[in-house]
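For reference, the structure discussed in these notes is given below.
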Amino acid sequence: MVLISGMIIWLISTIGIFYSTHISELLLLRLFQGIGACAGITLSRAIISDLMGKEEAANFYLIIFPFVGMSPAVAPMIGGMLS
């Protein structure tokens, strides 16, 4: 339920950002967008830990989280190539 709530908060704030007309609206909606996005990141780690054993979860983290860490650095370059 918390994961779905976070996704709904993220979706509504993302749509609101598209229609915002003032910088104060944009900043407030970005705050809510970040809160909604963090729910997914935090809960994904908790779900992995609950569903897998310690060693299996550690191996999964070693595969997945380097990509999560690199995405903020790589995404602007990909966006620059697309534009």
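Read the figures in this text as sums done on the coordinates, not as results from a lab. From a predicted model like this one, the values you see are computed outputs, not experimental measurements. Every residue, glycine among them, receives a Cβ derived from its backbone with ideal geometry; neighbour counts consider all protein chains shown.
Observations on the structure shown:
- From the options Leu62, Leu27, residue that is closer than 27 Å to Ile8 by Cα, among the aliphatic types (A, V, I, L, M), assigned to a helix (DSSP H, G or I) and under 19 Å from the mean Cα position of the chain (by Cα): Leu27
- Residue satisfying condition, being part of a helix (DSSP H, G or I), loosely packed, with under 12 Cβ neighbours inside 10 Å and free of Cβ contacts under 8 Å to residues at least 60 places away in the same chain, within set Ser71, Ser49, Ser13: Ser71
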